[in-house]
Amino acid sequence: MRHLPKLSEDTWYVGVNDRRKHLFENIWPLPEGVSYNSYVILDEKTVMLDTVDNFPMESYLDQVQFLLQGRTLDYLIINHMEPDHASGIQHIVRMFPNVTLVGNKKTFEFLKAYYGDFPNLLEVQDSATLDIGSRKLQFYFAPMVHWPEVMMTYDPKYKILYSADAFGSFGTLNGGVFDTHTDIENYWEEFTRYYSNIVGKYGVQVQKIMGRLSGLDVKIIAPLHGPIWTHPVSTKKALDFYDKWSKYETDKGVVIAFASMYGNTEVMADTIARELANMGIRNIRIHDVSKSHSSYIIRDIFKYRGVILGSPTYNADLHPNMKQLIDKLQHMGVKNHLYASFGTFTWAGQAVKKLTEFGQHIGWEQVYSPVEEQGSLKSDKFEQCVLLAQAMAEKLDSLYGK
Ligand code: FEO
């Protein structure tokens with residue numbers, strides 16, 4: 001007899017793990033895999049909330065069939081149409097041909113675009129309810145968190161918020177699916193990376209939905225990826241993180257990301273980092289952009305106020321890997337950072353000029369003039385690197401205290 005995890009007397013987790021996918025959205029690394037969370041309520045009506053991605057489909061459908069025990073499925077609520085959750089819709093409709101798909105106007109536009117026409121659609125409005133027997137589920141539209149059709153569903157009987165991608169985490173669920181059934185400390189870094197990589201661009205929209213939900217009595221947050229939040233301490237921590245990051249608030253610390261072909265730009269990075277440490281800065285993260293995937297650099301930039309970027313000039317431009325990083329940062333519109341830059345060149349310097357333009361364009365506060373060296377680091381520019389680090393540290397001290 002199998003035991004599916006229960007969120008309440010009549011609500012089950014039927015999600016699956018994916019340990020095969022290497023890149024989420026074919027961009028973001030998944031060293032610890034990812035889970036696709038789906039839920040089923042067995043009230044007078046039977047209700048599913050979202051489905052899963054294609055790969056683990058068979059084991060998913062097997063769980064669903066087991067749980068339904070011959071009952072039909074009345075409703076499939078589509079909180080999010082991205083295919084990592086929507087790929088199962090066609091399979092569920094094949095299994096339960098009379099199921100009614102519940103979504104909003106945008107949901108159904110995307111449903112048709114991806115998977116064609118379906119006969120039984122129930123279009124709902126923001127704040128509408130759906131009577132399923134012992135309670136009415138309520139819908140909260142959350143546009144651009146992180147797609148336009150996204151909505152959240154609230155179950156007032158058990159105070160469960162089905163939050164779509166919000167409050168999700170990379171990483172499979174290894175045994176326990178609840179925060180209380182796993183070592184939750186292992187998930188915070190991947191929770192942070194998920195927010196910064198997937199949701200981080202939409203801070204304003206996250207603030208908006210959090211404001212709307214603040215009046216709701218929520219005991220359980222059931223996202224589409226990662227652990228289900230049930231414990232008051234970890235749930236509050238997850239909520240506080242979202243509130244903080246969506247306001248682009250950061251901690252005291254510095255991310256140094258550099259590109260280096262022959263090690264000279266890296267020497268400048270280490271020089272700056274050493275002086276930051278001498279000045280008392282303890283959170284210093286150094287990333288070589290040719291080694292660290294931008295996913296991790298962006299995660300750290302969401303955590304820390306200071307950002308220092310360095311690059312050699314490469315074909316009269318930035319090193320291509322640095323260019324890729326700043327393109328992503330620009331695309332995400334990451335706000336509210338202290339900034340400085342450095343670089344090297346052989347015959348004509350261009351990198352530092354480009355890095356300066358980037359800082360101006362994204363609106364970060366430059367704390368010191370850029371430092372650019374020809375070839376290897378020599379005493380004059382060494383001193384400039386030290387002064388740059390001191391300026392960053394002093395600015396951080398003035399904002400956060402020593
Ligand atoms: Fe987990 Fe936006 O899909």
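Each reported figure results from applying straightforward, stated rules to the coordinates on display, with no laboratory input. Since the model is a prediction, treat every value here as computed from it, not as a measurement. Every residue, glycine as well, gets a Cβ built from its backbone with ideal geometry; the counts of neighbours run over all protein chains shown.
Worth pointing out:
- For the stretch 210-283 versus the stretch 46-95, the spacing of their alpha-carbon centroids is 34 Å.
- Equivalent ellipsoid semi-axes - Cα gyration tensor, the chain, angstrom: 46, 20, 18
- With 10 Å bins from 0: P(r) over the stretch 211-369, alpha-carbon pairs, percent: 10, 35, 29, 15, 9, 2, 0
- Sorted fewest first by neighbouring Cβ atoms within 10 angstrom, His181, His319 come out as His181, His319.
- Under a model in which nothing but the beta-carbon of Lys, Arg (+1) and Asp, Glu (-1) is charged, the stretch 242-364 shows a dipole of about 300 debye around its Cα centre.
- Whole-Å semi-axes of the stretch 140-256's equivalent ellipsoid (Cα gyration tensor): 20, 19, 13
- The charge dipole of the stretch 300-387, taken about its Cα centre with unit charges on the Cβ of Lys, Arg, Asp and Glu (plus for the first two, minus for the last two), comes to roughly 240 debye.
- Working note: Karplus 6.51/-1.76/1.60 with θ = phi - 60° gives the stretch 314-329 the couplings 10, 6, 6, 8, 6, 4, x, 6, 6, 4, 4, 5, 5, 4, 5, 5 Hz, where Gly and Pro are set to x.
- Separation of the Ala348 and Asn278 label points, Cα + 7 Å toward Cβ, nm: 3.6 nm
- Charged neighbours of Val34, selected by a Cβ distance under 12 Å, balance to -3 (K, R count +1; D, E count -1).
- Cα-centre dipole for the stretch 1-152 with unit charges at Cβ (Lys and Arg positive, Asp and Glu negative), debye to 20: 180 debye
- Spin-label pair Met95/Arg20, simplified geometry with 7 Å Cα→Cβ offset, distance in nm: 1.8 nm
- Taking Cβ atoms as reference points and 11 Å as the exclusive limit, the residues near Asn104 contribute a net charge of -2, counting Lys and Arg as +1 and Asp and Glu as -1.
- Percent of Cα pairs in the stretch 35-152 per distance bin of 10 Å, from zero to the largest separation: 14, 49, 34, 3.
- Ordered by the count of other Cβ atoms within 10 Å of each Cβ, fewest first, Ile284, Ile89 give Ile284, Ile89.
- A Förster radius of 45 Å combined with the Cβ-Cβ distance from Ser8 to His361 puts the calculated FRET efficiency at roughly 0.35.
- Here the spin labels are modelled as points 7 Å beyond Cα on the Cα-Cβ line, and at Lys378 and Tyr400 they lie 3.6 nm apart.
- Here the convex hull built on the C-alpha positions of the stretch 68-109 has a volume of 75 cubic angstrom per residue.
- Local charge for Asp84 was computed over the other residues whose Cβ lies under 15 Å away, with Lys and Arg +1 and Asp and Glu -1, and equals -4.
- Multiplying the residue separation of Gln207 and Thr129 by 0.36 nm and removing their Cα-Cα distance gives an extension gain of 25.8 nm.
- Most positive-pole-ward Cα, Tyr115, Asn17, Val267, against dipole of the chain from beta carbon charges: Val267
- Gain in span if fully extended, Asn54 to Lys136, counting 0.36 nm per residue against the direct Cα distance: 26.5 nm
- Listed residue (Pro31, Ser127, Pro97) projecting farthest to the positive dipole end of the stretch 16-142, Cβ model: Pro97
- Gained length - His331 relative to Trp188, 0.36 nm times residue gap less alpha-carbon distance: 49.0 nm
- Glu44, Glu149 arranged by Cβ crowding within 10 Å, fewest neighbours leading: Glu44, Glu149
- GNM result for the chain, Cα springs below 10 Å: residue of Leu23, Leu276, Leu318 fluctuating most strongly: Leu23
- Reachable lysines, given that their alpha-carbon falls under 23 Å from the alpha-carbon of Lys159 and they are not under 8 places away in the same chain: Lys6, Lys45, Lys136, Lys208, Lys219, Lys236, Lys237
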